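Participant: Right, I'll just put the structure down here and ask away after.
Computed from the coordinates by the stated procedures, all read-outs in this text should not be read as laboratory data. Everything quoted here is computed from the prediction, not taken from an experiment. Counting neighbours? That spans all protein chains shown, and the Cβs are built from the backbone with ideal geometry, glycine included.
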Amino acid sequence: MKKHFLSIIAALVPLCAVADDGMWLPNLISARIADMQAKGFRLSAEDIYSVNQASLKDAVVLFGRGCTGELISSEGLLITNHHCGYGQIQSHSSVEHDYLRDGFWAMTRAEELPCPGLSVSFLERMDDVSSQVLRGYEAGMGERQRDSVVRSNSARLIEEATADEKGLRASVEAMYYGNIYYIFIYREYTDIRLVGAPPSSIGKFGGDTDNWMWPRHTGDFSMFRVYAGEDNMPADYSPENRPYSPKRFFSISTKGVQEGDFTFIYGFPGSTREYIHSSEVEYISEVSDPARIDIRTRRLEIQKRHMAASQKVRIQYSAKCASVANAWKKWQGEVKGVRKMNTVQKKREYERAFELWAAGSRYEGVTERIAALERELRPYAFARDIYSETAYAVELPKKNLVLKDYDIDIDRESFVVEMEAFLRYVPEEMQPQWFRERLADFGSIEAWSEAMFRSVDEREMALEFAERMQEWYLSEIRPQIARLSSEMALEYRTYMRGQMEFEKDRDFFPDANLTLRVAYGRVCGYSPADGTWYKPVSTLMGVIEKDNPDIFDYNIPQTLRDIYARGGYEDTPVCFLANNHTTGGNSGSPVINADGELIGLNFDRVWEGTMSDIVFDPEVCRNISLDIRYALFVIREIGHAGHLIEEMDLR
Ligand code: ARG
Ligand code: GLU
């Protein structure tokens, strides 16, 4: 039966069934280039990454602290996601100019809006510096000593690398659990200006309802411009600055996207854990994720109830609610995916085979040592995870509490579900003494909450609460985590090396760590459930089908309805799916075709595939991209900003 089903899928999408997972280091892409070319790529490794000539890497940037962006004109024009530019768009918004709601389009360079605090970083080069980083390290040194060797050598390397030139920034990053170290040297530009953003009803269309889901119809893009000093080098904001002239920018393909097409993604994936021990996978999928989902379900129920009752509260909590809901929804997909893949069991079998192979070698026993450390670590890790979802989530004592975006009723009710969860999940003997005593005084969390949330002007009780809980975390929990993690780091370094020897023929990519990576695959649909097949492209017709003035997430601008009513826009492409291996941080990444042209912007994954941070299932792991042609359509038809398109190189 199963075979039969798979062969039907294979017949539908002959090219997608193969695993294309991996987030590869661009400077080593020559090792993958034959495979990429066999799958349709028509350029060379040097076109992707080169330190001798301009290459595609020169058109990709780390945008802000956790997104990717790319250059699309010779005059510094940059495109990234709407949700990556959201904070900037929000900070320029006011009641008179609500750019979040209405969108923003600079019609001249003079109208572009400076964004203090925002920076973009271009990778100048990356180099293996393992031997320099480990200079002075001797076998037999403890993990702490090793750490301090690594730290001081890294600091020196960074200083040397950035000494003489302006705007240079460097970091040394561990790959494969510290078996290898790389230095990354970036040039960081800080005069970045907002150029354009669609209304949220396009840029955030579908909101949290559609988040992590397919079919998707979100026009998730915004545009900025990088400015530079007279010498084209980074400079602080000045009206005298000029648009940055990039070494390389992306041409834009308007040819369209077909199932089976080769695609590749160039960006900054944040974090994956593909090589962890089964016990850690079990902790994540059976212990930590379920508890965090449970707590957030209760918090979201409260937020949503208050938001539905008041327009004011809806605005106040939309960003907070989105961020609580984002991880909440992702974890649910992750749990489901790990269980479906039977990853815990599969990893256990792998570990048994590994230990049989490792017997008598320097790798013998490493998986058992990791398991033992994980057992010891687990209660502390769980206490940390619960603390961060409960006591730490209470808003009233927060230093940076923004009263404008605060609702005391939500916080009061949330306190009850949060601290009741704390009571339930953290074993009594681990709970802070102070907490037990206060709870006994008040008699119940409810009563405590009534006393603590009388008014925003009386925060003493809340401040004491936050301080005492933090004190507990810092003295009882964190030091244990630090000690055990450090012991584990050593074992994982060994285990990682062991896995690479054990599976000699497998290509191991280093876990994501917010450094520049290449992922490649194909445009392809998937089957989310029995009897269902999702096509890989969505169109404007789907936007209109979802359109509903009564539902906030689906209420499109009237102009879009009017344009559609003119006829002929049904097939306007909006989003597409592919099986590129991506994660948080890849938002805004260029999605590139076989000729190196831009075809889209990555912005999400499908939630059935969110376990790809731990284990990749080629059948359902899909990244979701905005079709670049939808961005062009919105810029032209909604923004009437055709001058921006003139700047681009359309193919
Ligand atoms: N799920 C995407 C990501 O992980 C998009 C999040 C922003 N959108 C939202 N509706 N919350 O970042
Ligand atoms: N939306 C994510 C981000 O902001 C990308 C989605 C993912 O986790 O793959 O980076």
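Participant: Regarding segment 230-328, what whole-number volume in Å³ per residue does the convex hull of its Cα atoms give? Before the final figure, lay out the partial values.
Facilitator: Details: hull volume 29.3 nm³, N = 99.
About 296 Å³ per residue, rounded to a whole number.
Participant: Determine the relative contact order of the chain: mean sequence separation of Cα pairs under 8 Å and six or more apart, normalised by residue count, in whole percent.
Facilitator: Numbers: 1205 pairs, mean separation 158.1, N = 651.
Once normalised by length, the contact order is 24 percent.
Participant: Give, rounded to the nearest 20 debye, the magnitude of the charge dipole that the chain has about its Cα centre when Lys and Arg contribute +1 at Cβ and Asp and Glu contribute -1 at Cβ. If you can, show how the numbers build up before the last one.
Facilitator: On the way: 77 positive and 100 negative charges, 170 e Å.
Dipole magnitude for the chain comes out near 820 debye.
Participant: Residues with amide H under 5 Å of Ile180's amide H, sequence separation 5 or more or different chain, H placed in the peptide plane at 1.01 Å from N; which?
Facilitator: Hits under the 5 Å cutoff: Met175.
Participant: So what's the Cα pair-distance distribution over segment 102-197, bin width 5 Å, in %?
Facilitator: Reading the bins upward from 0: 2, 12, 17, 16, 12, 10, 9, 7, 6, 5, 3, 1, 0.
Participant: Right, another one. For segment 552-651, what size does the Cα cloud have along each of its three principal axes, sorted from largest down, in whole Å?
Facilitator: So the extents along the principal axes, rounded to whole Å, are 45, 35, 23.
Participant: If you don't mind, there's one more thing I want to ask. What FRET efficiency comes out for Glu286 versus Arg478 if R0 is 22 angstrom and r is the Cβ-Cβ distance? Round to the nearest 0.05.
Facilitator: Numbers: r = 24 Å, r/R0 = 1.08.
Computed FRET efficiency for Glu286 and Arg478 comes out at 0.40.
Participant: Here is a follow-up. Let's see if you can work this out: charge +1 on each Lys and Arg Cβ, -1 on each Asp and Glu Cβ, no other charges. What is the dipole magnitude of segment 147-221 about its Cα centre, in debye to the nearest 20?
Facilitator: On the way: 8 positive and 11 negative charges, 28 e Å.
The calculation lands at about 140 debye.
Participant: Mind giving me the nanometre distance, one decimal, between the label points for Ser93 and His640, set 7 Å out from Cα along Cα→Cβ?
Facilitator: 2.2
Participant: What do the square roots of 5 times the Cα gyration tensor eigenvalues come to for segment 285-403, in whole Å, largest first, as semi-axes of the equivalent ellipsoid? Write down the numbers at each step before the final one.
Facilitator: Details: eigenvalues 333, 57, 19 Å².
Its equivalent ellipsoid spans semi-axes of 41, 17, 10 Å.
Participant: Express in nm, to one decimal, how much length is gained between Ala110 and Thr162 on full extension, taking 0.36 nm for each residue of separation and deducting their alpha carbon distance. Spell out each step's value before the answer.
Facilitator: Numbers: separation 52, 0.36 × 52 = 18.72 nm, distance 3.28 nm.
Extending this stretch completely gives an extra 15.4 nm.
Participant: Moving to a separate point now. Using a 7 Å offset from the Cα along the Cα-to-Cβ direction at both Asp649 and Ala529, what is the distance between the two label points in nm, to one decimal?
Facilitator: Calculated label separation equals 4.6 nm.
Participant: Sticking with this one: Give me the one-decimal nm value for the distance between modelled label points at Ser271 and Tyr137, 7 Å along each residue's Cα-to-Cβ direction.
Facilitator: Output for this residue pair reads 2.2 nm.
Participant: Right, something else. Could you point to the residue in Leu168, Val456, Leu601 farthest towards the positive end of the chain's charge dipole, with +1 and -1 charges on the Cβ of Lys/Arg and Asp/Glu respectively?
Facilitator: Going by the Cα projections, it comes out as Leu601.
Participant: Ser388 to Asn342: extension gain in nm, 0.36 nm per residue of separation minus the Cα-Cα distance?
Facilitator: On the way: separation 46, 0.36 × 46 = 16.56 nm, distance 2.83 nm.
Here the segment from Ser388 to Asn342 would lengthen by 13.7 nm.
Participant: Right, another one. Send over the semi-axes of segment 73-156's equivalent ellipsoid, whole angstrom and largest first, taken as the square roots of 5 times the C-alpha gyration tensor eigenvalues. Walk me through the intermediate numbers first.
Facilitator: Values: eigenvalues 434, 55, 19 Å².
For segment 73-156, the ellipsoid semi-axes come out as 47, 17, 10 Å.
Participant: Cβ neighbours within 10 Å, averaged per peptide: list 477-487, 424-434 in order, most packed at the top. Provide the component values of the computation, followed by the final result.
Facilitator: Numbers: 477-487: 15.3, 424-434: 13.6.
So the order, starting with the most tightly packed, is 477-487, 424-434.
Participant: List the chymotrypsin sites (Phe, Trp or Tyr not before Pro) in segment 476-557 that DSSP assigns to loop (not H, G, I, E or B) and whose Cβ has at most 15 other Cβ atoms within 10 Å. Which are they?
Facilitator: Numbers: sites: Tyr492, Tyr495, Phe502, Phe508, Tyr520, Tyr526, Trp533, Tyr534, Phe552, Tyr554; in loops: Phe508, Trp533.
Within segment 476-557, the qualifying chymotrypsin sites (Phe, Trp or Tyr not before Pro) (loop, at most 15 other Cβ atoms within 10 Å) are Phe508, Trp533.
Participant: Also, I was wondering about something else. Determine the gain in length on full extension of the stretch Lys255-Asn179; use 0.36 nm per residue of separation and subtract their C-alpha separation, reporting nm with one decimal. Could the numbers behind the result be given before it?
Facilitator: Numbers: separation 76, 0.36 × 76 = 27.36 nm, distance 4.33 nm.
So the chain would gain 23.0 nm between Lys255 and Asn179.
Participant: A further question follows. Based solely on its DSSP helices, what 222 nm [θ] is calculated for the chain when runs of n ≥ 4 H residues each add -39,500 (n - 2.57) and the sum is averaged over all residues, nearest 500 deg cm²/dmol? List each step's numbers first, then the result.
Facilitator: Working: 23 runs with 265 residues, N = 651.
Mean residue ellipticity, 222 nm, calculated: -12500 deg cm²/dmol.
Participant: Let me ask you something else. If the viscosity is 1.002 mPa s and the temperature 20 °C, what Stokes-Einstein diffusion coefficient in µm²/s follows for segment 446-497 when Rh is the Kirkwood radius over Cα pairs? All intermediate terms of the calculation are to be shown ahead of the outcome.
Facilitator: On the way: Rh = 13.9 Å.
Estimated via Stokes-Einstein, D reaches 154 µm²/s.
Participant: Nearest 20 debye, what's the magnitude of the dipole of segment 429-553 about its Cα centre given +1 on Lys and Arg Cβ and -1 on Asp and Glu Cβ?
Facilitator: Values: 15 positive and 24 negative charges, 161 e Å.
In total the dipole reaches around 780 debye.
Participant: If you don't mind, another one. How large is ³J(HN,Hα), in whole Hz, for each residue of segment 79-85 in order, when computed from phi with the Karplus curve 6.51 cos²θ - 1.76 cosθ + 1.60 and θ = phi - 60°, using x for Gly and Pro?
Facilitator: 10, 8, 7, 4, 6, 7, x
Participant: Still on this model: Test of the criteria: in segment 51-143, which GluC sites (Glu not before Pro) are in a DSSP loop and have at most 13 other Cβ atoms within 10 angstrom of their Cβ? Let's see the in-between values first.
Facilitator: Numbers: sites: Glu70, Glu75, Glu96, Glu111, Glu112, Glu124, Glu138, Glu143; in loops: Glu75, Glu96, Glu112, Glu138.
Answer in residue order: Glu96, Glu138.
Participant: To the nearest 0.05, how large is the calculated FRET efficiency for Glu458 and Glu429 if R₀ is 30 Å and r is the Cβ-Cβ distance? It would help to have the intermediate numbers written out before the result.
Facilitator: Working: r = 33 Å, r/R0 = 1.09.
Computed FRET efficiency for Glu458 and Glu429 comes out at 0.35.
Participant: Within segment 280-295, whose backbone N sits under 17 Å from a point 7 Å along Cα→Cβ of Glu503?
Facilitator: Only 280-282 fall inside the zone, counting backbone N under 17 Å.
Participant: Mind ordering 344-352, 242-250 by average Cβ neighbours within 10 Å, highest first? Please report the intermediate quantities before stating the final value.
Facilitator: Details: 344-352: 16.1, 242-250: 20.0.
Top of the packing list down: 242-250, 344-352.
Participant: Further question: Provide the net charge surrounding Met175, with neighbours chosen by a C-beta distance below 10 Å and charges set as Lys +1, Arg +1, Asp -1, Glu -1.
Facilitator: Neighbour charge sum, excluding Met175 itself: -3.
Participant: Continuing with this model, one more query. Compute the Cα gyration tensor for segment 431-572, then decide on rounded, prolate or oblate, letting a ≥ b ≥ c be the square roots of its eigenvalues: rounded whenever a/c is under 1.5, prolate when a/b is larger than b/c in the other cases, and oblate in all that remain.
Facilitator: The shape class here is oblate.
Participant: In angstroms, what radius of gyration and Dmax does the chain have, counting Cα atoms only?
Facilitator: 25.5, 75
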